1. What number of residues within region 65-76 are part of a loop (DSSP other than H, G, I, E, B) and out of contact with any strand residue (DSSP E or B) (no Cβ under 8 Å at 6 or more places or on another chain)?
2. Scan region 1-29 residue by residue and report those that are among the hydroxyl-bearing types (Ser, Thr, Tyr) and either in a helix (DSSP H, G or I) or over 17 Å from the mean Cα position of the chain (by Cα) (or both).
3. Tally time: how many residues in region 30-57 are touching a Phe, Trp or Tyr at 6+ places or on another chain (Cβ under 6 Å) and part of a loop (DSSP other than H, G, I, E, B)?
4. If Phe50 satisfies all but one of (1) surrounded by fewer than 16 Cβ atoms within 10 Å (Cβ to Cβ); (2) assigned by TED's automatic domain parsing to the domain that holds Leu3; (3) within 12 Å of the chain's Cα centre (by Cα), what's the number of the condition it fails?
5. Find the residue count for region 28-84, including only residues that are β-branched (Val, Ile, Thr) and in contact (Cβ under 8 Å) with a residue 24 or more places away in the chain.
Amino acid sequence: MGLLPDNLKQCKMYGIEKDSISGRIARQLYQKNTIAVKGYEEVELPDSFFDVSVGNVPFGDFKLYDKRYDKNKFLIHDYFFRQNIR
């Protein structure tokens with residue numbers, strides 16, 4: 001967020017950080033952006049909301065439960081990709 005090119009400074013940016021200390025630091029550093037401090041699976045985002053997604057994919061051997069995708073039984077990283085690639 002801090003190294004965004006000047007020609008993109010007017011973009012709306014959103015961040016998700018599970019760690020509370022890192023999330024609070026991000027909120028202070030990037031006060032014009034929206035930073036959710038909670039797990040990715042807990043953040044409610046509308047489908048087809050973002051134009052671009054950049055992330056540190058959360059890999060793990062556990063499943064998330066989301067009514068929209070329960071039938072797929074996605075592991076956390078598969079859920080992340082499904083949420084961000086439409």
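The values are calculated or read from the model by the stated rules, or taken from the named source; none is laboratory data. Keep in mind that this is a model prediction, so the values were computed, not measured. FYI the Cβ positions are ideal-geometry reconstructions off the backbone, even for glycines, and counts take in every protein chain you see.
1. First pass over region 65-76, keeping only residues part of a loop (DSSP other than H, G, I, E, B): 65-69, 73-74.
Subset that is out of contact with any strand residue (DSSP E or B) (no Cβ under 8 Å at 6 or more places or on another chain): 65-69.
Number satisfying all stated conditions: 5.
2. Scanning region 1-29 gives Ser20, Ser22.
3. Residues of region 30-57 that are touching a Phe, Trp or Tyr at 6+ places or on another chain (Cβ under 6 Å), as a first pass: 34, 57.
Pick out the ones that are also part of a loop (DSSP other than H, G, I, E, B) and you get 57.
Residues flagged as touching a Phe, Trp or Tyr at 6+ places or on another chain (Cβ under 6 Å) and part of a loop (DSSP other than H, G, I, E, B) within region 30-57 amount to 1.
4. (2)
5. Looking only at region 28-84, we keep the residues that are β-branched (Val, Ile, Thr), and these are 34-35, 37, 43, 52, 54, 57, 76.
Of the ones still in play, those that are also in contact (Cβ under 8 Å) with a residue 24 or more places away in the chain are 43, 57, 76.
So the count comes out to 3.
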